[in-house]
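Peer 1: Pasting a structure here, questions to come.
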Amino acid sequence: MIRILIADDHAIIRDGLKQIFSAVPEMQVVAEAVDGTDVLARLRTTAIDVLLLDMSMPGKSGIALIQQVRASLPALPILVLSMYRESQYAVQAIRAGAAGYLTKNAEAEQLVGAIRKVAQGGTVVSAQIAEKLVRQAQQPEAASPHASLTAREFQIFQMLVEGSGINEIANALSLSNKTVSTHKANILHKMDIASTAGLVHYAIRHGLIGEAASGDL
């Protein structure tokens, strides 16, 4: 039996996923979580074989949450199921320790197959993401400016464009305000952008920000 923890802040998504897995005899959803704190609490109290994780939830989420889960449970496979289609998110998620990355337009059969594969120690990315990664490897000179960011810089970039301030980011990542400000300055410099507003517009143009976040701008 593959015991699954579904982490997503949208009830309709969780309900849909539970319906998919209920039709698979060897899979069972044993816990649900709506944010990063909830994920960590469930992992402390429930035996899990696969964590199915949304990249964007309230509070700690995304790369930071993957890294924290990996630090405490290095053997637990994490399969990211995200709205973000940009390949850079997949790269950063896998670098942080995720075993796989699928977008939310994946077919149910593909998702079930991915759960089986990561539970057995494999790695999975969607066909669209794999194609983008291959193109980037073949034409590195054409990489977008955000591809030059380190994992930490990309994490802070993501939090900035989703509306977090310096203090919020510092608290979430256990960094000083000065360190976060330095990272922000490096991000702006590397991407040749003058302000946070410019980062947000860049993120929208390149599909690096979710619909919910961009709708609040």
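Peer 1: Looking at the stretch 41-69 only, could you name the residues that are of a type outside the set (Val, Ile, Thr) and at pLDDT 90 or above?
Peer 2: Going through the stretch 41-69, the residues of a type outside the set (Val, Ile, Thr) turn out to be 41-44, 47, 49, 51-62, 64-65, 67-68.
Within the stretch 41-69, 41, 42, 43, 44, 47, 49, 51, 52, 53, 54 meet the criteria.
Peer 1: Which of the residues that make up the stretch 1-22 are small (Gly, Ala, Ser) and surrounded by fewer than 19 Cβ atoms within 10 Å (Cβ to Cβ)?
Peer 2: Looking only at the stretch 1-22, we keep the residues that are small (Gly, Ala, Ser), and these are 7, 11, 16, 22.
Hits for the stretch 1-22 are 11, 16, 22.
Peer 1: Please enumerate the residues belonging to the stretch 51-73 that are among the basic types (Lys, Arg) and farther than 17 Å from residue 118 by Cα.
Peer 2: In the first step, residues of the stretch 51-73 are kept if they are among the basic types (Lys, Arg); the result is 60, 70.
Of everything in the stretch 51-73, just one residue is among the basic types (Lys, Arg) and farther than 17 Å from residue 118 by Cα, namely 60.
Peer 1: Residue under question is residue 139, and the condition is that it be at pLDDT below 75 and out of contact with any Leu (no Cβ under 6 Å at 6 or more places or on another chain); does it hold? If you could, list the steps in order and put the result at the bottom.
Peer 2: Details: at pLDDT below 75: yes; out of contact with any Leu (no Cβ under 6 Å at 6 or more places or on another chain): yes.
Taking the combined requirement at face value, the residue satisfies it.
Peer 1: Need the failing condition index for residue 38 against (1) modelled with pLDDT under 95; (2) touching a Pro at 6+ places or on another chain (Cβ under 8 Å); (3) acidic (Asp, Glu), just the number.
Peer 2: Residue 38 satisfies all of (1) modelled with pLDDT under 95; (2) touching a Pro at 6+ places or on another chain (Cβ under 8 Å); (3) acidic (Asp, Glu) except (2).
Peer 1: Could you grab me the full set of residues in the stretch 85-109 that are of a type outside the set (A, V, I, L, M, F, W, C), within 27 Å of residue 22 (Cβ to Cβ) and touching a residue at least 60 places away in the same chain (Cβ under 8 Å)?
Peer 2: First, the residues of the stretch 85-109 that are of a type outside the set (A, V, I, L, M, F, W, C): 85-89, 92, 95, 97, 100-101, 103-105, 107, 109.
Okay, now just the ones that are also within 27 Å of residue 22 (Cβ to Cβ), so 100-101, 103-105, 107, 109.
Scanning the stretch 85-109 gives a single hit, 104.
Peer 1: Please specify each residue of the stretch 150-170 satisfying the condition of being closer than 17 Å to residue 67 by Cβ and either touching a residue at least 40 places away in the same chain (Cβ under 8 Å) or assigned to a helix (DSSP H, G or I) (or both).
Peer 2: 151, 152, 153, 154, 155, 156, 157, 158, 159, 169, 170
The values are calculated or read from the model by the stated rules, or taken from the named source; none is laboratory data. Just so it is clear, the structure is predicted and the values come from calculations on it, not from any experiment. Virtual Cβ from ideal backbone geometry, glycine too; neighbours counted across all protein chains shown.
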